[in-house]
Each structure stands twice: as structure tokens, then as C-alpha cells.
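The values are calculated or read from the model by the stated rules, or taken from the named source; none is laboratory data. Please read these numbers as outputs of a predicted model, since none were measured by experiment. Cβ atoms come from the backbone with ideal geometry, glycine included; neighbour counts cover every protein chain shown. Protein only, heavy atoms only, side chains kept; ligands, DNA and RNA dropped before computing areas. Shrake-Rupley method; radii C 1.70, N 1.55, O 1.52, S 1.80 Å.
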Amino acid sequence: MPQTKVQDVIFTAMMVLVMVYAMVCYNIALDRGGMTLQVFRLAVQELPVMALIAFLLEFFLVGRAAKALAFRMVVLERDPAILVILAISAVTVCLMCPLMSLFAVLLFQQAGSELLAVWVQTTVLNFPMALCWQIFFAGPVVRLVFRVLFLRGSAYSGAEHCAAP
């Protein structure tokens, strides 16, 4: 969907902020035993560092890798746009979730000698939430907002941002 490098940076930043804030809220709620209004406030404090890490990972590493892997499953010119979008989104979550879970464990948990076990547990707990949040909420909302901001009046099938790497 982004058509220029600047649009790509903006789209990535929008997606990162929506995904990271939700996932930080989710992890704080898990840690505290449930969701409260304080969780939303606490998440704002963790957001800058986690969003920066996520942006750098997504923009410089995961984005290209996710598209390359997704295009082993779908063909942009043949498959429906929604299938292409879902493939890229799912592969992105498969790559980002373990990476972001590792950074979260390293920065916010005192795992010590149990680092591997805590990282695996965190990844397993985060994955279903990250996948559902991306597919059903963050992805559609961010793409809609991006279209409204940048692609007014242009025909959009949804697959424009899915160009092969």
C-alpha cells in the first residue's frame, strides 16, 4: 500500500504503534492478573522503547523476510488481495512475536537462568493475541487510516503494499 519510502516509514510506524501498545497492555494485564485502567497508563511508559525496537526490526529485517516467505505461499498476481494480506500479516507475526517476546523478557523480566523457558512461555502466550490482534483489528484499522490519509481517490485493492521484495 505505501507507494514511497516516506509512506512506508509512516505505515510501519502506525502499525508498530498499534501492535506494540496492544501487546504491552496485554502483557502487563497478564502480569497483574487482569485488565485495569492502570494497565493503559503503564503501557504508555513501556511504549517508547518497545515501539523503537519493533520499528527497527520490522523496517530493516522482518518486513522483507516476511514478504519473501509469504510469497512462497501466495502469488500477488494470481491470489486474491485478502489472501496476500493475510499471508504477509501471519508471517510477520510469526517472525515478530518471538523477537519482541525476547526483548520484553530481557528488558522487563528477571528471568535469570530461566531465560529460555520464560522466553518460550512469553512467546506462546503472546502469539495467539498478536495474530488475532493483527488480523482482525490492527491490520484493517491501520490500512483504513493509511488509505484515508494517503490514497484518497485512488483505486485500492488492498494488495498494493504487498509488492514482492
Matching entry among 88, 10 (being touching a Lys or Arg at 6+ places or on another chain (Cβ under 8 Å), within 18 Å of residue 140 (Cβ to Cβ) and at pLDDT 95 or above): 88
Which listed residue is surrounded by fewer than 17 Cβ atoms within 10 Å (Cβ to Cβ), basic (Lys, Arg) and not in a helix (DSSP H, G or I), from 64, 78, 41: 78
For the range 100-145, what are the residues that are among the aliphatic types (A, V, I, L, M), open to solvent by 40 Å² or more (accessible area, probe 1.4 Å), over 15 Å from residue 89 (Cβ atoms) and free of Cβ contacts under 8 Å to residues at least 60 places away in the same chain? 102, 106, 107, 115, 116, 117, 120, 124
